[in-house]
Amino acid sequence: MPKVSVIIPAYNAMEFLPRTLDSVLGQTFRDFEVIVVNDGSKDGIESWAKTIIDTRVRFISQSNQGQSAARNTGINDSVGKYIAFLDSDDLWDPRKLEKQVKVMDKNPDIGLVYTWVAELSTDDIILKKNWRFSNEGDVWERLVQGNIIACGSVPMIRRSCIEKVGLFSKFPFACEDWDFWIRISEKYPFKVIREVLTYYRSNPSSLSRSTPEGMKNRLNDMEISFTQILESVFSNASSYDSRLKSKSFAAAFMHISWIALNEFENGHEEVHFFQQKAAMHMPEIVDTLEYKRLIMSTRLSKLLGFSLYQKYRALIHLKSFLNIPKKAPIVISL
């Protein structure tokens, strides 16, 4: 019985999947199984799967049902005491599983342990953006105000959690991760490893980020999904400060506003729309630094244009990113 089950959902992912799998097979912790769930791919994944000789790796194929269904398929077929998820284009530091297993073993009461995250380019260069949250213990109140786990390739969870909280749910916008972590946090404390051990690969070529129609559809799906999750969370919560619900909705709409500004050309009307929705839920937010920064950033974007604004953002970020970019430290399994 392997101690850890690694679940990799894959849909037309052959551009990065081999390297993603190598980052698992190169882990210093060796007692694991890998379940790659082919979610209806049409890119030759099954032929590639036949070349994998490591007996710890298993492949399951199903019709295309989405990432959540693929993860649930992997969970139902897994046997490990601990479960770790890895998206098919992300990478792990070689020590990730080892460090997370040690934390889980030493803290039998916790349900999830997460790590810090760095953004990765398509050619495996570590970029300037990273996520470094340090919340642990009872993180529910913090988690409902934003996803501190950052991405689905980060956490390791205890299998017993699933018996209490259930499997991944499905939403119009891909925020099933956030919903799942919130449900776990309602019943279990979290731990964090304050090291970058996960590398998240951004996908700038997404069609939804380049067309006005795709932009509006994505923002609409985000609003629907965030609303569904938060309404469910607070309707089922036994007790909470009444201001927390307002803060959570305001934070969600501010997040959508920043997405509209930073990822979509000519999305200024959408920025203003969701910014106003945030203020409706929490009027005092208009006096916060973030709210004022969003206003100034929107004005700057209008003045410079989308392309120049993106270059300006990159320069600002570089001021706090002094390390020379380097390849992600991945060990290739022999």
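Quote the relative contact order of the chain in percent (integer), defining contacts as alpha-carbon pairs under 8 Å separated by 6+ residues. Relative contact order for the chain comes out at 19 percent.
Here the spin labels are modelled as points 7 Å beyond Cα on the Cα-Cβ line, and at GLU98 and ARG58 they lie 2.7 nm apart.
Modelled spin-label separation between LEU167 and TYR312, with each label point placed 7 Å from Cα along the Cα-to-Cβ direction: 4.8 nm. Couplings for region 286-301, taken from phi via the Karplus curve 6.51 cos²θ - 1.76 cosθ + 1.60 with θ = phi - 60°, read 5, 8, 7, 4, 4, 4, 5, 5, 5, 4, 5, 5, 5, 4, 5, 5 Hz in order; Gly and Pro are left as x.
Using the Cα coordinates of region 150-290, the gyration tensor eigenvalues translate into equivalent-ellipsoid semi-axes of 27, 21, 15 Å, sorted from longest to shortest.
For LYS247, a cut-off of 20 angstrom between C-alpha atoms picks up these lysines, skipping any fewer than 8 places away in its own chain: LYS277, LYS292. Between helix 242-263 and the chain there is an angle of about 90 degrees, using the helix long axis and the longest principal axis of the Cα atoms. Each principal axis of the chain carries a Cα extent, and these read 56, 46, 40 Å when sorted largest first. Judged by the mean number of other Cβ atoms found within 10 Å, the most tightly packed of the peptides 300-310, 44-54 leads the ranking 300-310, 44-54.
Set the Cα radius of gyration of region 207-318 against 2.2 N^0.38 Å, with N its number of residues, and you get 1.15. Calculate, for ASN135 and GLN65, the FRET efficiency according to 1/(1 + (r/R0)^6) with r their C-beta to C-beta distance and R0 41 Å; round to the nearest 0.05. Once rounded, the FRET efficiency stands at 0.80. Where is the GNM fluctuation largest for the chain (alpha-carbon springs, 10 angstrom cutoff): ASN236, ASN72, ASN64? Looking only at ASN236, ASN72, ASN64, the largest GNM fluctuation is found for ASN236.
You can think of it this way: the chain between MET1 and ASN107 has 36.1 nm of extra reach, that is 0.36 nm per residue less the Cα-Cα gap.
What is the helix-to-structure angle for 176-185, meaning the angle in degrees between its Cα long axis and the longest Cα principal axis of the chain, kept from 0 to 90 and rounded to the nearest 10? Approximately 80 degrees, to the nearest ten. Under 10 Å, Cα contacts only: if you run a Gaussian network model on the chain, which one of GLN228, GLN67, GLN145 comes out with the highest mean-square fluctuation? Its mean-square fluctuation being the largest, the pick is GLN228. The angle separating the long axis of helix 67-77 from the principal Cα axis of greatest extent in the chain is about 30 degrees. The stretch between ASN236 and LYS187, if pulled fully straight at 0.36 nm per residue, gains 16.4 nm over its current Cα-Cα span. For the chain, give me the percentage of DSSP beta bridges that are antiparallel, rounded to the nearest 5 percent. The answer is about 30 percent antiparallel. Within region 102-126, what residues put their amide N at less than 20 Å from the label point 7 Å along the Cα-to-Cβ vector of THR28? Flagged as within label range: 102-107, 113-118. Listed by chain and number, the aspartates and glutamates placed with their C-alpha closer than 12 angstrom to that of LYS164 are GLU186; residues fewer than eight positions away on the same chain are left out. Only aspartates and glutamates eight or more places from LYS311 in sequence, or on another chain, were considered; those with a Cα closer than 17 Å are GLU263, GLU265. Ordering of 261-268, 247-254, 25-32 by packing is 247-254, 261-268, 25-32, highest average first (other Cβ atoms within 10 Å, averaged per residue). For the chain, the mean residue ellipticity at 222 nm estimated from helices alone is -13500 deg cm²/dmol, where every DSSP H run of n ≥ 4 contributes -39500 (n - 2.57) and the total is divided by all residues, rounded to the nearest 500.
Computed from the coordinates by the stated procedures, all read-outs in this text should not be read as laboratory data. Remember, predicted model here, so these are calculated numbers, not experimental data. FYI the Cβ positions are ideal-geometry reconstructions off the backbone, even for glycines, and counts take in every protein chain you see.
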